[in-house]
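The values are calculated or read from the model by the stated rules, or taken from the named source; none is laboratory data. Here the structure is a predicted model, which means the values were calculated and not measured. When we count neighbours, we look across all protein chains shown, and the Cβ atoms used for this are built from the backbone with ideal geometry, even at glycine. With ligands, DNA and RNA removed, areas are computed over all heavy atoms of the protein, side chains included. Shrake-Rupley method; radii C 1.70, N 1.55, O 1.52, S 1.80 Å.
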Amino acid sequence: EKKMGEEVKSSRQESRAGKWLYALTVSLMVTFLGVLAISFTMSRLHFGSDVLRGLCLTLEAVSAFAGAMLLGKRMMSRRFLWGLLLGLIYFLVLFLAGRILSGSWNPEAMLPLALCAAGGMLGGMFS
């Protein structure tokens with residue numbers, strides 16, 4: 001038999017997991033929409049690879065920022081830490097997806113890691 005306190009604890013954990021899933025989903029949706037916008041712009045303007053890399057890095061930081069802002073508003077305490085953690089998890093999701101799709105390791109992954117972590121932390125702080 002479950003006691004009353006155990007049910008409350010269980011629903012609180014589900015609620016926290018739901019908050020995380022929602023924030024991560026928002027981050028990934030911002031990324032998806034940003035990639036669509038960059039692709040459309042690139043097909044019209046034909047800019048170089050340096051500009052494309054800069055746009056992609058900016059998009060990663062902005063996406064982590066957006067998700068961390070939402071998570072920070074819902075968590076109410078230690079927002080910068082939750083944001084930092086969301087940025088790191090967001091980077092991990094992107095890194096693993098890229099690794100699976102390309103099948104290779106990119107040694108330049110430290111800059112996106114730092115940008116996702118910083119964007120997430122700032123998003124949590126500004127929430």
- Query: If only one of A109, A117 is surrounded by 14 or more Cβ atoms within 10 Å (Cβ to Cβ), within 18 Å of L57 (Cβ to Cβ) and modelled with pLDDT under 90, which one is it?
  - Reply: A109
- Query: Is it true that some residue in the range 55-63 is open to solvent by 40 Å² or more (accessible area, probe 1.4 Å) and not in a helix (DSSP H, G or I)?
  - Reply: no
- Note on the structure: L45 vs (1) more than 27 Å from F126 (Cα to Cα); (2) modelled with pLDDT of 90 or more; (3) among the aliphatic types (A, V, I, L, M): all pass except (2)
- From the list S27, S43, which residue is among the hydroxyl-bearing types (S, T, Y), open to solvent by less than 70 Å² (accessible area, probe 1.4 Å) and more than 16 Å from I89 (Cα to Cα)? S43
